[in-house]
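> Just passing along the structure, written as structure tokens.
What follows draws every value from the coordinates through simple rules; no lab data is involved. In this text, all values refer to a predicted model and were calculated from it rather than measured experimentally. So basically every Cβ, Gly included, is an ideal-geometry build from the backbone, and we count neighbours across all protein chains shown.
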Amino acid sequence: MMRIKTIIAAAAIAVTSTAVSADMKPAVIYDMGGKFDKSFNEGVYNGVKKFTDETGIEVMEFEVTNETQREQAMRRMAERGATVVLGVGFAQADAISKVAAEFPDTKFSIIDVSWLDAPNLRQYAFKEHEGSYIVGIAAAKASKTGKVGFVGGMDIGLIRRFACGYVGGVKSVNANAEVYQNMTGTTPAAWNDPAKGAELTQSQIDRGADVVYHAAGGTGAGVIQAAADAGKLAIGVDSNQNGMAPGSVLTSMLKRVDVAAYETFMDVKNGNFSAGVHVLGLAEGGVDWALDENNASLVTADMKDAIASARADIVSGKVKVHDYFSDESCPY
């Protein structure tokens with residue numbers, strides 16, 4: 001009798017899971033720069049693609065090209081019967097908050113947001129300062145001049161968070177190091193201006209920087225190219241950008257937005273979706289650094305050891321990386 005009940009229960013679960021999968025209509029709204037920006041959006045795309053490859057479930061997509069489209073696109077997806085809508089980036093916060101309230105039976109998820117409150121909304125936040133700290137260690141170890149650079153995209157608190165973590169990592173290796181910092185602009189256009197990124201990078205190189213880290217979305221392509229052209233090193237961000245200029249990209253700070261996208265859709269498929277805030281740092285595998293055949297010759301044993309040690313200390317709590325969001329300042 002017990003075996004029969006178990007079989008019936010298992011069958012019921014299978015039927016429920018199949019029903020959820022069959023009825024599932026996921027959607028994603030990419031933000032400025034597009035899904036092939038080789039950075040933030042593309043990281044999300046990789047997670048979406050992995051989900052589709054594994055499940056065969058197609059994902060409805062929209063790529064925002066101007067700010068007015070966000071709310072309209074999100075609402076349109078919900079009206080078309082999307083069962084879960086993923087918004088890419090903090091700039092979609094207002095839109096997703098409004099549309100989620102209008103469609104309480106639809107599930108929503110957003111990346112880089114943690115301050116909203118809705119029963120049908122999941123939010124993902126990342127500890128960018130932790131990942132930036134460990135690539136800062138790599139930069140300081142690789143630098144021959146004791147001068148390194150940072151090029152941000154839009155001048156907002158989030159990007160200041162990247163910058164401050166990076167400076168902390170650099171200073172942990174060389175307290176006397178100079179870190180030059182520039183932001184590309186104050187509007188969303190700052191995420192997609194490779195020419196400006198190249199110009200800012202060259203300016204930092206002219207002042208002696210020999211390693212330049214970017215957190216600038218599509219603008220970062222210009223940062224990487226300028227560093228490579230000058231025979232210097234760049235550090236990529238979000239996605240693994242080591243292959244954009246093999247031998248000239250020291251490493252990339254991985255922000256696993258692909259995990260957020262994949263996890264969101266898979267949880268909905270399996271009936272495990274829950275609202276609330278998911279915070280992903282080094283301990284949770286949400287941020288990391290990239291090592292592959294494109295940068296292996298640039299990474300020394302000393303560099304690996306220093307990063308591994310710092311990583312362990314951050315995860316254990318022995319080292320606290322300053323979070324710009326905690327006081328809107330950087331102590332370094």
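> Indicate the gyration tensor shape class of segment 154-255 (rounded, prolate or oblate), computed on the Cα atoms with a ≥ b ≥ c the square roots of the eigenvalues: a/c under 1.5 is rounded; otherwise a/b larger than b/c is prolate and the rest oblate.
Note, shape of segment 154-255 comes out rounded.
> Oh, and also: What does the highest-first list of 148-157, 127-136, 191-200, 218-227 look like by mean Cβ count within 10 Å?
So the order, starting with the most tightly packed, is 127-136, 218-227, 148-157, 191-200.
> For segment 196-236, rounded, prolate or oblate, judged on the Cα gyration tensor with a ≥ b ≥ c (square roots of eigenvalues), a/c < 1.5 rounded, else prolate if a/b > b/c?
Prolate is the answer for segment 196-236, as a/c is 1.5 or above and a/b outweighs b/c.
> Now for a different question. Mind sorting 258, 238, 267 by how few other Cβ atoms lie within 10 Å of their own Cβ, fewest first?
The most exposed by this proxy come first: 267, 258, 238.
> What ³J(HN,Hα) values, in whole Hz, does the Karplus curve 6.51 cos²θ - 1.76 cosθ + 1.60 give for segment 285-300 when θ = phi - 60°, with x put for Gly and Pro?
Going residue by residue, I get x, x, 9, 5, 10, 9, 10, 8, 5, 7, 10, 4, 6, 8, 9, 7 Hz, with x marking Gly and Pro.
> Give the residue list of trypsin sites (Lys or Arg not before Pro) in segment 36-114 that are DSSP loop and have at most 16 other beta-carbon atoms within 10 angstrom.
When the trypsin sites (Lys or Arg not before Pro) of segment 36-114 are filtered for loop state and at most 16 Cβ neighbours within 10 Å, 80 remain.
> Turning to a different aspect of this structure: Which order do 203, 239, 248 fall in if you start with the one that has the fewest other Cβ atoms within 10 Å?
If I rank by nearby Cβ atoms, fewest first, I get 203, 248, 239.
> Any chance you could get the radius of gyration and Dmax over the Cα atoms of segment 117-182, in Å?
For segment 117-182, the Cα-based Rg and Dmax read 14.5, 52 Å.
> If you rank 187, 106 by fewest surrounding Cβ atoms within 10 Å, what's the result?
Neighbour counts put them in this order, fewest first: 187, 106.
> Moving on. Rounded, prolate or oblate: which fits segment 17-92, taking a ≥ b ≥ c as square roots of the Cα gyration tensor eigenvalues, rounded meaning a/c under 1.5, else prolate when a/b beats b/c?
oblate
> I'd like the orientation of helix 2-23 relative to the chain: the angle between its Cα long axis and the longest Cα principal axis, in ° from 0 to 90, rounded to 10.
Roughly 70 degrees between the two axes.
> To continue, here is another question. So what is the calculated 222 nm ellipticity per residue for the chain, using -39500 (n - 2.57) for each DSSP H run with n of 4 or more, over all residues, to the nearest 500 deg cm²/dmol?
-14000 deg cm²/dmol
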